[in-house]
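Read through the structure below, which is laid out as structure tokens, and then see the notes.
The values are calculated or read from the model by the stated rules, or taken from the named source; none is laboratory data. Because the structure is predicted, anything quoted here is derived from the model rather than measured. Neighbour counts run over all protein chains shown; Cβ positions are idealised from the backbone, glycine included.
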Amino acid sequence: MHERLLRSKGLKLTPQRLMALKAIEEGGHIDIDQLHDSFNRLGMKIPLATLYRILGELSSVGILHTVTLSGQKTRYEIAKGDHPHFLCEQCGQLEDLHITMNKIASIAQQACIHTTHSVSIMLHGICQNCSAFPAIDKEGS
Ligand SMILES: [Zn+2]
Ligand SMILES: [Zn+2]
């Protein structure tokens with residue numbers, strides 16, 4: 001699947017590119033450090049600079065989508081169309097929300113005269129996991 005994706009964009013199949021795609025697919029949304037870790041875990045030594053280059057290439061042909069977060073490292077995900085994200089303020093987990101954004105784009109289009117090309121929405125809050133186990137320094141009272 002990733003092989004076809006790379007070929008369709010005219011990119012050569014390299015073990016590093018395939019490995020990066022696999023790790024990003026498994027991780028959902030991962031930053032460069034997490035990606036570097038997964039290479040290390042598999043014993044694939046790769047300089048960070050090379051990894052940056054690979055991510056840049058994959059993003060520029062539209063295979064990867066970047067999610068920019070203020071004060072945090074950029075996360076990378078396999079591009080799959082516009083979708084909103086939920087960011088947990090406690091654990092930093094980024095989740096896809098399966099809500100169609102076409103409606104938002106058309107409402108926005110009606111509200112302003114600008115031409116909308118893409119919509120990006122980030123919801124901030126506390127994920128289910130973190131609300132079940134809040135980070136409290138002292139247990140009990
Ligand atoms: Zn959380
Ligand atoms: Zn996403």
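Applying the set (1) at pLDDT 90 or above; (2) within 13 Å of ligand 1 (Cβ to nearest atom) to residue 134 leaves exactly one unmet item: (1). For the residues 92, 71, the requirement of being free of Cβ contacts under 8 Å to residues at least 12 places away in the same chain, within 21 Å of the chain's Cα centre (by Cα) and surrounded by fewer than 16 Cβ atoms within 10 Å (Cβ to Cβ) singles out 71. Just one of the listed residues (8, 38) is more than 16 Å from ligand 1 (Cβ to nearest atom) and either assigned by TED's automatic domain parsing to the domain that holds residue 127 or within 26 Å of residue 119 (Cα to Cα) (or both), and it is 8.
Which of the residues belonging to region 85-110 are away from ligand 1 (no atom under 16 Å from the Cβ) and either among the polar types (S, T, N, Q) or in the same structural domain as residue 2 (by TED's automatic domain parsing) (or both)? Across region 85-110, the qualifying residues are 100, 102, 106, 109, 110. Going through (1) in contact with an Asp or Glu (Cβ under 8 Å, 6 or more places away or on another chain); (2) closer than 23 Å to residue 96 by Cβ; (3) away from ligand 2 (no atom under 15 Å from the Cβ) one by one, residue 11 falls short only on (2).
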